[in-house]
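K.L.:
Quick one: the structure is below, questions incoming.
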Amino acid sequence: MSVETAPTRIRFVLVGTQHPGNMGAAARAMKTMGLSRLVLVAPEKPLDDEAFRRSAGAEDVLGDAPVVATLAEAVADCTLVLGCTARARRVQLEELLPAVAAQRALAKAAEPAEVAFVFGRERTGLTNEELQLCHLAVHIPSNPDFSSLNLAAAVQVLAYETRMAVLGGIDGAAPADPEFREQPASHAQVEGMFTQLGQALDDIDFHKGRAPESAMRKLRRLFLRTGLSEQEVRLLRGILSDAQRMARLANAKPE
Ligand code: SAH
């Protein structure tokens, strides 16, 4: 199951929202990060003009959001429910950082399975009963003396981390723009480069009588750490070839 379609199985659930504007702003925050499944649990007031105005182009996400009576109903078909809480360590749940939570959500959604991030009321957050419906808690490590983000801002943080997880793949590799993704160099290609590097260092008399092993060991460690692409190996070998050519020319010069 592909990671690309996994976000369609991640929903954002807003419980008992008090200000309709925040529901619109949350829809916008989600859409900017490629997420579209919003669920509203018993909002205090129905969606109004202010809500749609604040959605600023995400009217589709907001307008499509089902409204249900309870959190239990909103997450009935979910295998993973992540409760976002402004108060650290208030509940007896494992507490995750947003980036870790997003990784878990994406991995679960890719199985495939349904996943929910749950957000509480502006004034009072989620009740203990609601938190008990969650498998894990998520806390944005904010200022402990001023820990509560605006609801839509908290949605933005989780939506952003979810997008980062999607771009980076499930294993948390550095996010890569798919347009610029390069083929990783094979083991043999990298070893070929190391052989040429060893020869080039001899050709330019880099070692000056010292044993070459120590420098080569450090250079191997440096290059292996970076995860070279095929193109990067070609570029480096081009530079080495030129250095070798210049060394030959220099050696051929009459004294
Ligand atoms: N006074 C409330 C804060 C509610 S803010 C309380 O103490 O719980 C509205 C919602 O935004 C919260 O229920 C939570 O889901 C989310 N939120 C705000 N700040 C957060 C933070 N630092 N970490 C995780 N979620 C947060």
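The values are calculated or read from the model by the stated rules, or taken from the named source; none is laboratory data. No experiment lies behind these values; they were computed from the predicted model shown. Every residue, glycine among them, receives a Cβ derived from its backbone with ideal geometry; neighbour counts consider all protein chains shown.
K.L.:
Can you find, within the stretch 99-116, the residue that is farthest from the ligand (Cβ to nearest atom) among those that are outside any helix (DSSP H, G or I) and closer than 18 Å to Ala154 by Cβ?
P.N.:
The residue in question is Val115.
K.L.:
Return only the number of the condition from (1) touching a strand residue (DSSP E or B) at 6+ places or on another chain (Cβ under 8 Å); (2) modelled with pLDDT under 95; (3) among the hydrophobic types (A, V, I, L, M, F, W, C) that Ile170 does not satisfy.
P.N.:
(1)
K.L.:
Tell me, please, whether a residue that is over 30 Å from Thr32 (Cβ atoms), in a helix (DSSP H, G or I) and modelled with pLDDT under 90 can be found in the stretch 196-214.
P.N.:
So far as the stretch 196-214 goes, yes, one or more of its residues are over 30 Å from Thr32 (Cβ atoms), in a helix (DSSP H, G or I) and modelled with pLDDT under 90.
K.L.:
Something else about it: Out of all the residues in the stretch 123-155, which are surrounded by fewer than 17 Cβ atoms within 10 Å (Cβ to Cβ) and closer than 14 Å to Val15 by Cβ?
P.N.:
Listed by number, the residues that qualify are Arg123, Thr124, Thr127, Asn128, Glu129, Gln132.
K.L.:
Considering Leu167, Leu158, which residue is surrounded by fewer than 17 Cβ atoms within 10 Å (Cβ to Cβ), more than 7 Å from the ligand (Cβ to nearest atom), in a helix (DSSP H, G or I) and hydrophobic (A, V, I, L, M, F, W, C)?
P.N.:
Just a single option satisfies the conditions, and that option is Leu167.
K.L.:
Another question about this same structure. Return the total of residues in the stretch 141-155 being more than 7 Å from the ligand (Cβ to nearest atom) and touching a strand residue (DSSP E or B) at 6+ places or on another chain (Cβ under 8 Å).
P.N.:
1
K.L.:
Let me ask another. When the residues of the stretch 117-131 are narrowed to those that are in contact (Cβ under 8 Å) with a residue 12 or more places away in the chain and not in a loop (DSSP other than H, G, I, E, B), which ends up farthest from the ligand (Cβ to nearest atom)?
P.N.:
Looking at residues that are in contact (Cβ under 8 Å) with a residue 12 or more places away in the chain and not in a loop (DSSP other than H, G, I, E, B), I get Asn128.
K.L.:
Just to be sure, is Asp60 exposed (fewer than 13 other Cβ atoms within 10 Å of the Cβ) and under 22 Å from Glu130 (Cβ atoms)?
P.N.:
no
K.L.:
Considering each residue of the stretch 27-81, count those that are part of a loop (DSSP other than H, G, I, E, B) and over 27 Å from Leu96 (Cα atoms), and give that number.
P.N.:
11
K.L.:
Name, by its number, the condition in (1) within 9 Å of the ligand (Cβ to nearest atom); (2) at pLDDT below 95 that does not hold for Val138.
P.N.:
It fails just one condition, (2).
K.L.:
Looking at Arg225, Arg248, Arg237, can you tell me which residue is over 35 Å from the mean Cα position of the chain (by Cα), in a helix (DSSP H, G or I) and of a type in the set (Lys, Arg)?
P.N.:
Step by step, each of Arg225, Arg248, Arg237 is checked, and only Arg248 is over 35 Å from the mean Cα position of the chain (by Cα), in a helix (DSSP H, G or I) and of a type in the set (Lys, Arg).
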